[in-house]
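The values are calculated or read from the model by the stated rules, or taken from the named source; none is laboratory data. This is a predicted model, so every value here is computed, not measured. Positions of Cβ are backbone-derived with ideal geometry, glycine not excepted, and every protein chain shown enters the neighbour counts. Heads up: the accessible areas ignore ligands, DNA and RNA and are worked out on the full protein's heavy atoms, side chains in. Shrake-Rupley method; radii C 1.70, N 1.55, O 1.52, S 1.80 Å.
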Amino acid sequence: MPDVATDTFVSHRNLLFTIAYEMLGSAADAEDVLQETWLKWSGVDHDVVENHRAYLVRIVTRQALGRLRTLGRRKETYVGSWLPEPLLTTPDVAEDVELADSVSMAMMLVLETLTPTERAVFVLREVFDLDYDEIAAAVDKNAAAVRQIAHRARSHVAARRPRGTASAAQAREALAAFQHAVATGDLQRLLDLLAPDVVLLGDGGGVKQAVPRPIVGADKVSRLLAAGLAKIAALGSLEPAQVNGFPALIFRSEGEIDTVFALRFDDGLISGMYAVRNPAKLSHMTEETALRR
């Protein structure tokens, strides 16, 4: 006899994980939210639930909202810059341009500037195209309030999201320049791609050495790169990878993943450089994660 609860949950698992991850920026917390969602779902009388998908989305959204508020308090005491947890993603994520854009490191950082409810509404409406009534049920608001929140969140994101379309080819060119600089010591190709107001963020979580605060401006970033890239060449190797739907680089030292490098582009230039070193955030870089809309 088929187990309807299990089969339904498994069939929607990737969707539910993607919602939780986009709301939280943490794969580990998204996995915890999925466990909580399963416990809630397994206790429901499924015969009286008309739309299983909508009901599961409602549960995962509410669980993620609770977790997001806890995460906010945790970030207040986080050592150094906080960056989203990178995911090694499957090739089909990059093929879905809207999904790839929504989970990119750059966009995940933009989502961090929203309130928890704004983030939930934006993700459910703009990424997953849920109607306002469904979202209202998930965030415990009326549809009119959700429309206002969605408008506010869209305006907020539009003012902060990357300008122009960053293609995979652009990202690969920039990362090739990064690898060339490491291999040869010649930084010029890379420096030519830096925006004047480029920002470099490093996340070591207080466990690994990283820049303690944002480095702003092409001059300061280029000086840091000149000092740091030679050390990378001496200590390990760089390899290309598909991270959060976009090309990125993995730095390995003694065979272990040490750092994930990702980029943000505005108007064709590198405006953000992100280095995730916190070991607790690198556990989802060993196996590909499937994301779904």
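Annotations for the structure displayed:
- Selected from Thr165, Thr117, Thr37 as most flexible by GNM, with the chain as the system and alpha-carbon contacts under 10 Å: Thr165
- Members of Lys75/Lys141; Lys141/Lys281; Lys40/Lys208 lying beyond 30 Å, as alpha-carbon distances in this model show: Lys141/Lys281; Lys40/Lys208
- Protection proxy ranking, peptides 148-156, 46-54, 16-24, average beta carbon neighbours within 10 Å, highest first: 16-24, 148-156, 46-54
- Proximity of backbone amide H atoms, modeled 1.01 Å from N, is registered between Thr289 and Leu88, Thr89, Thr90 at under 5 Å, excluding neighbours fewer than 5 places apart on the same chain.
- Degrees separating the helix 218-235 axis from the principal Cα axis of the chain, which is the longest one: 90 degrees
- Rounded, prolate or oblate (a/c below 1.5 giving rounded, otherwise prolate when a/b exceeds b/c) for segment 176-219 by Cα gyration tensor: oblate
- Highest average packing first - 218-224, 271-277, 68-74, Cβ atoms within 10 Å: 271-277, 218-224, 68-74
- Shape call, segment 199-293: gyration tensor on alpha carbons, a/c limit 1.5: oblate
- An oblate overall shape is assigned to segment 61-142, the ratio a/c of its alpha-carbon gyration tensor axes (a ≥ b ≥ c) being 1.5 or greater and a/b not exceeding b/c.
- Taking a straight line from the alpha carbon of Lys220, these lysines sit under 19 Å away, with near neighbours fewer than eight places off in the same chain left out: Lys231.
- Average accessible surface area per residue within the chain, 1.4 Å rolling probe, Å²: 47 Å²
- Carbon/sulfur fraction of accessible area - the chain, other protein chains in place, 1.4 Å, %: 51 percent
- Around the amide H of Leu130, modelled in the peptide plane, lie the amide H atoms of Arg125, all under 5 Å away and 5 or more residues distant in sequence or on another chain.
- DSSP bridge pairs, the chain: antiparallel proportion in percent, nearest 5: 75 percent
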